[in-house]
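The values are calculated or read from the model by the stated rules, or taken from the named source; none is laboratory data. Predicted, not measured: the structure shown is a model, and the values here were computed from it. A quick note on method: Cβ atoms are made from the backbone with ideal geometry, for glycine too, and the neighbour counts reach across all protein chains shown.
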Amino acid sequence: MDIPTRFEEIRDRMERAMARAGRAGQAGQNCSGVTLVAVTKTRSMDEMARAVGAGVTDVGENKVQEAEAKKPELHASARWHFVGHLQKNKAKKAVELFDVIHTVDSAAIGQRIDRLAAGEDKVQPVLVQVDLAGEETKDGLPEEELLPTLEKLSECSNLRVDGLMVLPPYFDDTEEVRPYFQRLRKLSEDGQERGLVGSELSMGMSHDFEVAIEEGATIIRVGTALFGPRAQKVLGTEQVV
């Protein structure tokens, strides 16, 4: 199956999920629906160009240096999202490159982005990543620190906290991930009531984005479902994973 066909299939699945949840809007439209961010980690420029040509408007990268190499080569209009762990020494370049940063996980990194954005004379949209499972291999702000951190970030002039992001555990049965999406939505509602955060919810990936949409996702991050299995080199040979 080629990328345009996969993209149309994903859009159909998005729209069906939105219908099941009783959500108005059309999949793929910002604000009124759900934004699909095509995660292009290790993907070739040809794959990226085909995705954008098929209708993808938003791309996501996990590494700042990979985006720095790719962005000048993508001869098409797209919004760039940073979806990987952001190291302090990469923050300046991230502010220069990305339209949205999904992975602010401390007041310190948010305040650093704020200062750097001021130097670029821009307001940087960000999402705050929340850790709801306590997995050692994943980053994110502990739930109990979320509101105090949002209060600190509300004092930033060049940082706009548009919403929250979560990377929950992987489950073969996607119903098992539903409580994590429900919890993030509740945290978002609490933050919105206090005027501390916008309504964006970045949650759901290739295997569970339909459940995420049913629970209120406004952004989904999709890689494999769009591009197909990723080829990796193992001991000098190429292996599809």
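So here's what we get for this one:
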read-out: Test: Arg6 is modelled with pLDDT of 95 or more and within 15 Å of the chain's Cα centre (by Cα); value: no
read-out: Residues of segment 212-231 satisfying the condition of being touching a residue at least 40 places away in the same chain (Cβ under 8 Å), among the hydrophobic types (A, V, I, L, M, F, W, C) and over 21 Å from Val52 (Cα atoms); value: Ile213, Ala217
read-out: Filtered residues of segment 63-83 (kept if among the small types (Gly, Ala, Ser) and surrounded by 21 or more Cβ atoms within 10 Å (Cβ to Cβ)); value: Ala67
read-out: Number of positions in segment 104-129 that are closer than 19 Å to Ser199 by Cα and assigned to a helix (DSSP H, G or I); value: 1
read-out: Residues of segment 164-211 satisfying the condition of being under 23 Å from Ala19 (Cβ atoms), touching a Ser or Thr at 6+ places or on another chain (Cβ under 8 Å) and not hydrophobic (A, V, I, L, M, F, W, C); value: Ser188, Ser199, Glu200, Ser202, Ser206, His207, Asp208, Glu210
read-out: Residues of segment 73-106 satisfying the condition of being of a type in the set (A, V, I, L, M) and without any contact (Cβ under 8 Å) to a residue 60 or more places away in the chain; value: Leu74, Ala76, Ala78, Leu86, Ala91, Ala94, Val95, Leu97, Ile101, Val104
read-out: Residues of segment 139-162 classified as of a type in the set (A, V, I, L, M) and over 20 Å from the mean Cα position of the chain (by Cα), total; value: 1
read-out: Pair list, Cβ under 6 Å, 6 or more apart: segment 129-157 residue under 30 Å from Phe171 (Cα atoms), other residue of a type in the set (Gly, Ala, Ser); value: Gln129/Gly140; Val130/Gly140; Asp131/Gly140; Thr149/Ala107; Leu150/Gly191
read-out: The one condition in (1) closer than 29 Å to Arg183 by Cα; (2) at pLDDT below 95 that Gly60 fails to fulfil; value: (2)
read-out: Condition check for Val197: among the β-branched types (Val, Ile, Thr) and within 21 Å of Glu144 (Cβ to Cβ); value: yes
read-out: Failed item in (1) in a helix (DSSP H, G or I); (2) without any contact (Cβ under 8 Å) to a residue 12 or more places away in the chain; (3) farther than 25 Å from Ala118 by Cβ, with Asp172 passing the rest; value: (1)
read-out: Enumeration of residues in segment 53-76 that are over 17 Å from the mean Cα position of the chain (by Cα) and not small (Gly, Ala, Ser); value: Gln65, Glu68, Lys70, Lys71, Pro72, Glu73, Leu74, His75
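Quick grid of which residues meet (1) surrounded by 15 or more Cβ atoms within 10 Å (Cβ to Cβ); (2) among the polar types (S, T, N, Q); (3) assigned to a helix (DSSP H, G or I):
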site: Leu150; (1), (2), (3): yes, no, yes
site: Gly163; (1), (2), (3): yes, no, no
site: Leu184; (1), (2), (3): yes, no, yes
site: Glu189; (1), (2), (3): no, no, yes
site: Gly198; (1), (2), (3): yes, no, no
site: Leu201; (1), (2), (3): yes, no, no
site: Ala225; (1), (2), (3): yes, no, yes
